[in-house]
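Notes to accompany the following structure.
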Amino acid sequence: MPQEFWSNAIFSVVPTVAVGLIFWFVMAAIMRSDRTERNSYAKIEAEERAKVAPRVDSTIQS
């Protein structure tokens, strides 16, 4: 009887833990990719602003 109890308990908990771990890995990957995308977007935006800044300064001075 005790062996049956523990095997049932383990087989009841394992799927829940497995799904939780898969969910955690997926969410971590999504967060990491979002962070990377935001950093690359900020870099591109800073480069574009740096390109436009001299033109804006020259039009203000004229």
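The values are calculated or read from the model by the stated rules, or taken from the named source; none is laboratory data. Note that the structure is predicted; figures quoted are calculated from it, not measured. Here the Cβ is made from the backbone with ideal geometry for all residues, glycine too, and neighbour counts use every protein chain on show. Remember, those area values only see protein heavy atoms, side chains included, never the ligands or the DNA or RNA. Shrake-Rupley method; radii C 1.70, N 1.55, O 1.52, S 1.80 Å.
Summary of values
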quantity	calculated
Some residue of the stretch 46-61 being at pLDDT 90 or above and among the β-branched types (Val, Ile, Thr)	no
Count of residues meeting criterion [open to solvent by less than 90 Å² (accessible area, probe 1.4 Å) and either in contact with a helix residue (DSSP H, G or I) (Cβ under 8 Å, 6 or more places away or on another chain) or among the hydroxyl-bearing types (Ser, Thr, Tyr) (or both)] in the stretch 1-39	4
